[in-house]
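Undergrad: Here it is: the structure, laid out below.
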Amino acid sequence: MKIICIGRNYAEHAKEMKSEVPTEPVFFMKPDTALLKDSEPFYYPDFTKDLHHEIEIVIKINKVGKHIDEQFAHKYYDEIGLGIDFTARDLQAQCKAKGLPWEKAKAFDASAPIGKFVSKSSLGNLDDISFELKINGESRQVGNTKDLLFSFDKVIAYVSKFVTLKVGDLIYTGTPEGVGPVAIGDKLQGYIKGDLFLEFEVK
Ligand code: MG
């Protein structure tokens, strides 16, 4: 499986990164070795001094597809979960400055913690899903899919023009504003509509 991540999909996050608000989806990938499951601890890597959290709604692909039309995109996923797109912000800034790819800042081992999935029908209107990241019990990021620049269906249509989607692929759909550093000892908890979906510790 592969992990596809959408960048700058919330205007307020693009602004806080001093990036342009995109006119078409921006995506990059992480390998399957980036997954961190089952509330396993995350070990702070020694190659960064500025590791940032990005809480994101994640959709799970359930059907192979290429050139998927937006109007049929909803048939290609039926489960939704919550994940973190960990980013070594210092390395990413160096890559950006040199015009280099971001992989070492984004695709490293355990950079994609993932929590439980539920059927999308249990979440009601997909254009109004509230979600939140708490660290040590304090709210750090609050988002709602109503603020997405590109909906889940638009993202699937766009990405599948370039990359065949396969069963089990995950799409991290972008982070809202409020990204910031994590530290050793932090306990991260992610919520969708007030329900706990994701929980782990930084060690
Ligand atoms: Mg992200």
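Undergrad: Name the residue farthest towards the positive end of the dipole of the chain from the options LEU149, GLY178, THR33, assuming +1 on Cβ of Lys and Arg, -1 on Cβ of Asp and Glu, about the Cα centre.
TA: Checked the options; the winner is THR33.
Undergrad: While we're looking at this one, here's another question. PHE72 to LYS203: extension gain in nm, 0.36 nm per residue of separation minus the Cα-Cα distance?
TA: On the way: separation 131, 0.36 × 131 = 47.16 nm, distance 4.23 nm.
Answer, rounded to one decimal: 42.9 nm.
Undergrad: Need one number for the chain: average projected area of the convex hull over its C-alpha atoms, nm².
TA: Working: hull surface 40.9 nm².
Projected area, direction-averaged: 10.2 nm².
Undergrad: Looking at the square roots a ≥ b ≥ c of the eigenvalues of the Cα gyration tensor of segment 1-75, which shape do they give, rounded for a/c under 1.5, prolate if a/b is larger than b/c, or oblate? Walk me through the intermediate numbers first.
TA: Working: a/c = 2.45, a/b = 1.22, b/c = 2.01.
Verdict is oblate for segment 1-75.
Undergrad: What GluC sites (Glu not before Pro) does segment 1-41 have in DSSP loop regions with at most 15 other beta carbons within 10 Å? Mind showing how you got there, number by number?
TA: Details: sites: GLU12, GLU16, GLU20; in loops: GLU20.
Listed in order of number, the matching sites are GLU20.
Undergrad: Below 8 Å, C-alpha to C-alpha, sequence gap of six or more: please give me the relative contact order for the chain in percent. Let's see the in-between values first.
TA: Details: 496 pairs, mean separation 70.2, N = 203.
Across the chain, relative contact order equals 35 percent.
Undergrad: Counting only residues 5 or more places away or on other chains, whose amide H sits under 5 Å from the amide H of ALA110 once H atoms are built in the peptide plane?
TA: Distant-sequence amide H within range of ALA110: ALA34, LEU35.
Undergrad: Here's a follow-up. Near LYS49, within a Cβ-to-Cβ distance under 10 Å, what is the net charge of the other residues, with Lys and Arg +1 and Asp and Glu -1?
TA: Taking every other residue near LYS49 into account, the sum is -2.
Undergrad: Which residues' amide hydrogens lie under 5 Å from the amide hydrogen of PHE27, considering only partners 5 or more residues apart or on another chain, with H built in the peptide plane?
TA: When sequence neighbours closer than 5 places are left aside, the close amide H contacts are GLY7.
Undergrad: Among the lysines, which fall within straight-line cross-link reach of LYS63, defined as a Cα-Cα distance under 16 Å, with same-chain neighbours fewer than 8 residues apart omitted?
TA: Hits, sequence-local ones excluded: LYS2, LYS75, LYS120, LYS161, LYS166.
Undergrad: Would you mind counting up the charge near VAL21? Only other residues with Cβ under 13 Å from its Cβ, with Lys and Arg at +1 and Asp and Glu at -1. Walk me through the numbers on the way to the answer.
TA: Details: positive: ARG8, LYS15, LYS18; negative: GLU12, GLU16, GLU20, GLU24, ASP147, GLU177.
It works out to a net charge of -3.
Readers should treat all values here as calculations from the given coordinates under stated rules, not as data from a laboratory. What you see is a predicted model, and the numbers here were worked out from it, not measured in a lab. All Cβ positions, even for glycine, are placed from backbone atoms using ideal geometry, and neighbour counts span all protein chains on display.
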